[in-house]
Amino acid sequence: MRRAFAAVAVGVTAFSLAAAVPADARPAVPAVGAWAAAPVAGQTLFGCPGGDGGLQDQTVRNVVYPSVDGSKVRVRLSNQFGTSPLVVPASSIGVVLSGAQLVPGSSHPLTFGGSNAVTIVPGSSVVSDWLEMPVRARQELAVSVYVPRFSGPATEHPSAQQDNFVSKTGDWSAAEDSSGYPATIPCWLFASGVDVAAPSTVVGSVVGFGDSITDGANSAMNANDRWPDELGRRLHERKGKTLSVVNEGIGGNQVLQDSGLSGVSALARFDRDVLGQPGVRAVILLEGVNDIGASDLGTRPHLSPADLIAGYRQLIARAHAAGVRIYGATLLPFKGALYWSEDGEHTRAAVNDWILHSGEFDGTADFAASVANPADPQVYDPQYDSGDHLHPNDAGYRAMAQAVDLSMLVR
């Protein structure tokens with residue numbers, strides 16, 4: 001987990017046009033996560049065709065945003081929530097020019113054990129062979145997956161804050177023009193991660209773990225302005241040792257209980273979504289406001305600060321058992337939101353006090369203070385409020401990322 005990575009440097013031209021060739025299945029350098037999305041069971045809802053039969057002989061083009069450079073790349077595809085085998089005859093990765101259109105010459109097929117086709121059994125995922133294709137941080141990639149048919153829910157990430165694309169009938173995975181992709185969708189389908197062989201200065205990855213605030217709800221579409229994106233930009237620009245960043249937020253997710261479309265609880269998904277990330281060295285935990293809100297709405301038993309703290313302690317213990325540092329982030333103000341109450345505010349204040357002063361985390365980030373109104377810390381500073389009094393706007397997400405001490409993360 002703490003091993004160094006061999007150095008590789010690439011330029012823009014080399015990134016865009018260099019030919020990619022299959023690499024040895026065991027690269028000379030370890031993998032680190034460059035992008036990830038937490039999976040949930042799909043539904044055909046809000047424009048996402050993730051339900052049973054939502055796709056018929058079509059290709060999905062997922063647009064993703066890597067946080068770090070790399071000399072080799074591999075892709076993780078998931079059928080975690082499928083109920084039948086997912087047959088993928090063809091898939092590819094390429095560099096996005098605009099929308100569904102790729103940079104000419106940048107699209108390359110993915111292989112799995114040397115084969116273009118792969119079958120993913122229900123409840124599992126697969127990792128592609130390594131591809132010697134330069135990847136550049138902050139330059140969007142497209143992961144295209146051809147699916148002749150599937151039954152049962154797709155494995156998806158429902159709120160991408162990113163336009164993704166579905167093709168006309170047939171295999172359009174190798175197409176670099178956008179003419180075969182007439183439909184736009186708001187979710188990522190089947191793609192759960194992109195890993196790279198990173199430069200030696202990248203000593204591992206940090207996972208942003210949380211709910212819709214980590215997922216970037218209400219941030220601008222196609223802008224990559226979630227707080228983990230901004231943190232990734234800061235780390236990429238840092239001199240010397242640094243980390244990649246992957247985002248494992250799910251809108252509506254809770255620490256203590258499963259929540260339907262919002263996935264299983266943080267306690268249930270921590271091993272998969274955090275400890276299972278390649279090269280993970282640290283995690284920033286920002287979650288709990290939905291537990292408080294569910295208690296106030298009566299959709300879960302009454303929640304005390306001790307209940308939420310007990311959940312945090314479980315996550316701390318499991319991170320430390322795996323040799324991963326875990327940092328606690330304070331819960332953001334939410335007075336004025338649909339599920340705010342005086343009792344819930346008391347719980348938030350007590351939990352935040354424990355996060356900052358208990359000493360049980362390896363460090364803290366005071367996200368609440370970064371966006372709160374100085375005159376009334378129970379509400380957002382207006383310049384950071386997206387308007388629903390629960391989620392930040394883009395400026396608020398940037399303020400949160402600026403509140404993270406990089407020297408605390410990279411040590």
A correct Karplus calculation of ³J(HN,Hα) over the stretch 79-89, with 6.51 cos²θ - 1.76 cosθ + 1.60, θ = phi - 60°, whole Hz and x for Gly and Pro, returns 10, 3, 10, x, 10, 9, x, 9, 8, 10, x
Computed for the chain: size of charge dipole around the Cα centre, +1 on C-beta of each Lys and Arg, -1 on C-beta of each Asp and Glu, debye to nearest 20, value 1420
Once amide hydrogens are built 1.01 Å from N within the peptide plane, the residues lying 5 or more places from Leu97 or on another chain with amide H under 5 Å from its amide H are Leu102, Val103
Residues whose modelled amide H sits under 5 Å from the amide H of Ser125, counting only those 5 or more places away in sequence or on another chain, are Asn79
Rounded to the nearest 5, the percent of antiparallel DSSP beta bridges in the chain equals 75
Along the dipole axis of the chain (charges at Cβ: +1 for Lys and Arg, -1 for Asp and Glu; origin at the Cα centre), the most positive-end residue among Asn62, Val371, Gly240 is Gly240
Counting only residues 5 or more apart in sequence or on a different chain, those whose built amide H sits under 5 Å from that of Val118 are Val88
Matching label for the computed percent of Cα pairs over 41 Å apart, out of (i) 35; (ii) 47; (iii) 12, is (iii)
Expressed as a whole-number percentage, the relative contact order of the stretch 201-409 with C-alpha contacts under 8 angstrom and at least six residues apart is 22
Footprinting proxy, Ser173, Ser78: sorted fewest to most Cβ within 10 Å, the residues are Ser78, Ser173
In debye to the nearest 20, the charge dipole size for the stretch 112-195, taken about the Cα centre with +1 at each Lys and Arg Cβ and -1 at each Asp and Glu Cβ, equals 180
Shape call for the stretch 301-411, from the Cα gyration tensor axes a ≥ b ≥ c (a/c under 1.5 means rounded, otherwise prolate when a/b beats b/c, else oblate), comes out oblate
Going residue by residue through the stretch 266-274, the Karplus relation 6.51 cos²θ - 1.76 cosθ + 1.60 with θ = phi - 60° gives ³J(HN,Hα) values, rounded to whole Hz and with x marking Gly or Pro, of 4, 4, 6, 9, 4, 5, 5, 8, 10
Classified through the alpha carbon gyration tensor (a ≥ b ≥ c as square roots of its eigenvalues; rounded if a/c is under 1.5, else prolate when a/b is larger than b/c, else oblate), the stretch 188-335 comes out prolate
Expressed in angstrom and rounded, the centroid-to-centroid distance over alpha carbons for the stretch 49-65 and the stretch 238-285 is 23
With Cα coordinates, the longest principal axis of the chain makes an angle with the long axis of helix 342-357, in degrees rounded to 10, of 70
Once phi for every residue in the stretch 398-405 is put through the Karplus expression 6.51 cos²θ - 1.76 cosθ + 1.60 (θ = phi - 60°), the whole-Hz ³J(HN,Hα) values, with Gly and Pro written as x, are 5, 4, 4, 4, 5, 7, 8, 7
Toy charge model, Lys and Arg Cβ at +1, Asp and Glu Cβ at -1: the stretch 290-411 dipole around Cα centroid in debye, rounded to 20, equals 520
Scoring the stretch 12-194 by relative contact order with C-alpha pairs under 8 Å, at least six apart, yields a percentage of 37
Dividing the mean separation of Cα pairs under 8 Å (6+ apart) by the residue count of the chain yields a relative contact order in percent of 18
By Cβ neighbour count within 10 Å, fewest first, Asp129, Asp69, Asp163 rank Asp163, Asp129, Asp69
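Where a number appears in this text, it was derived from the coordinates with a stated rule and is not lab data. All figures in this text were calculated on a predicted structure; none of them were measured in a lab. Every residue, glycine as well, gets a Cβ built from its backbone with ideal geometry; the counts of neighbours run over all protein chains shown.
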